[in-house]
Structures are given as structure tokens and as C-alpha cells.
1. When you go through His66, His113 one by one, which is the residue that is farther than 16 Å from Pro159 by Cα, within 15 Å of the ligand (Cβ to nearest atom) and either out of contact with any Pro (no Cβ under 7 Å at 6 or more places or on another chain) or not hydrophobic (A, V, I, L, M, F, W, C) (or both)?
2. Suppose we filter Glu81, Glu73, Glu61 for residues that are within 13 Å of the ligand (Cβ to nearest atom) and among the acidic types (Asp, Glu); which single one remains?
3. Check Ala69 against each of (1) under 15 Å from Asn188 (Cα atoms); (2) modelled with pLDDT of 90 or more; (3) crowded, with 16+ Cβ neighbours inside 10 Å; (4) small (Gly, Ala, Ser) and name the one condition it does not meet.
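The values are calculated or read from the model by the stated rules, or taken from the named source; none is laboratory data. Since the structure is predicted, the reported quantities are computational estimates derived from the model, not experimental observations. With ideal geometry, Cβ positions are generated from the backbone for all residues, glycine too; neighbour counts draw on all protein chains shown.
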Amino acid sequence: MKSSVHPQQAWTVYVVWSPLLMIKGGPLEHNYRLKQFHFHWGAIDAWGSEHTVDSKCYPAELHLVHWNAVKFENFEDAALEEHGLAVIGVFLKLGKHHKELQKLVDTLPSIKHKDTLVEFGSFDPSCLMPACPDYWTYSGSLTTPPLSESVTWIIKKQPVEVDHDQLEQFRTLLFTSEGEKEKRMVDNFRPLQPLMNRTVRSSFRHDYVLNIQAKPQPSTSQVTP
Ligand SMILES: [Zn+2]
């Protein structure tokens with residue numbers, strides 16, 4: 001696996017393919033293979049997530065980006081088509097120290113600057129999943145051209161807990177390269193957008209309302225859910 005700072009977006013972990021890192025079931029008809037996962041976070045604990053629940057923000061949100069390995073040859077093709085991608089979203093909440101996440105957090109000082117990359121050993125991202133199986137799901141689009149309706153979003157209801165120091169480590173990353181005037185990588189989430197005509201379904205009784213980012217914002221040429 002490789003961990004890197006994405007020039008425009010976030011801290012991303014690219015996954016070397018493993019047969020174990022597949023998801024299926026729920027709203028998904030096929031097997032989807034994990035491509036990468038990344039985080040969005042705020043400058044302070046009051047915001048940072050891309051989705052909100054009952055209009056409440058979480059300080060960070062994890063996205064695990066999968067592609068349909070049954071219908072498509074590769075990630076790039078899948079990203080252009082309906083039912084091509086499936087993204088699992090997990091909220092991070094301020095609380096207990098997250099031991100497994102710390103292994104990733106420990107790599108952050110070595111990828112502080114833009115475009116830097118570090119390799120580390122095997123890591124099973126399922127340790128970042130909350131225990132509760134409940135989720136919301138909706139069909140959405142990529143945030144970038146060609147804005148295809150390719151993404152099945154699966155947003156877990158239960159957040160995982162991380163401590164303040166771990167969140168602070170995220171905020172030490174930089175949008176800028178070495179030698180440039182430092183710009184901290186914070187608030188790398190998209191603003192909430194109107195729901196438009198999308199339907200959000202939940203795997204549990206409707207006690208909470210998920211507010212989603214639904215309208216694509218053309219910005220970069222990267223395929224980044
Ligand atoms: Zn994302």
C-alpha cells in the first residue's frame with residue numbers, strides 16, 4: 001500500500017490489490033474492489049465531513065473507493081459508467097484513541113508536502129469500519145467531469161472514534177510543495193449541496209436524516225469521489 005498527499009484533495013492511501021478487499025451485497029449487485037481510501041477533515045473539530053446527519057457535521061469523514069470488478073476492466077473505465085463505483089463513507093468522531101488508525105497517522109509526518117508518497121506494509125482497512133451495520137445509500141455522481149452517475153454511496157450510520165491528537169495530525173499536512181509558502185491541508189471537503197431529486201434509502205428505521213453532497217462541482221480533472 002502507498003500513502004500519499006493528493007495535490008488537490010486529501011491524504012489518500014492507494015491499495016495494492018488484495019482479494020480480501022472486496023465488497024458486495026446491500027445495494028450492490030456485483031463485487032467491488034477497493035482502489036483507494038482517503039479522508040476529508042476540517043480546520044477545527046466543528047466541521048470536516050462531507051455528509052451531515054440531522055444537519056450535524058463530524059470533524060472528518062473516511063471514503064473507501066471501490067470499483068465494479070465484474071462489469072469493468074479497470075477503475076478508470078468504471079468511473080465513467082453507471083454502477084461503476086461504490087464509495088463507503090465513515091464518519092470520524094472525537095473520542096477514544098483509535099489504535100489501528102494510528103498506524104496510518106504515524107506515516108503522516110513523512111508525507112507532509114504535496115505529491116509526497118510513502119510505502120507501508122499490509123493494512124486491512126476493515127479495522128476502520130464501525131461495528132454497527134446500519135447505513136444510508138444513494139446514487140450519486142463523480143465530483144469531476146465527466147460527472148457520470150457512477151457512484152453508489154454507502155454512508156455508515158455509526159461513526160468511529162478518534163482522539164484529538166490524531167485529528168491534529170491530519171491538519172499538519174500541507175497543500176503545498178517543499179519550499180513553497182506553507183498552506184495547511186484543512187477543510188478539504190465539498191460544501192453540502194441540495195438533495196435535488198435523489199432518493200436516500202436506509203438499511204434501518206428512519207430516525208435520522210442524512211444530508212448529502214449531491215450536486216457535482218466541476219473543478220479538477222482527477223477522478224476523486
Ligand atoms: Zn472523498
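1. Testing whether each residue is farther than 16 Å from Pro159 by Cα, within 15 Å of the ligand (Cβ to nearest atom) and either out of contact with any Pro (no Cβ under 7 Å at 6 or more places or on another chain) or not hydrophobic (A, V, I, L, M, F, W, C) (or both) leaves just His66.
2. Matching residue, one of Glu81, Glu73, Glu61: Glu61.
3. The failed condition is (1).
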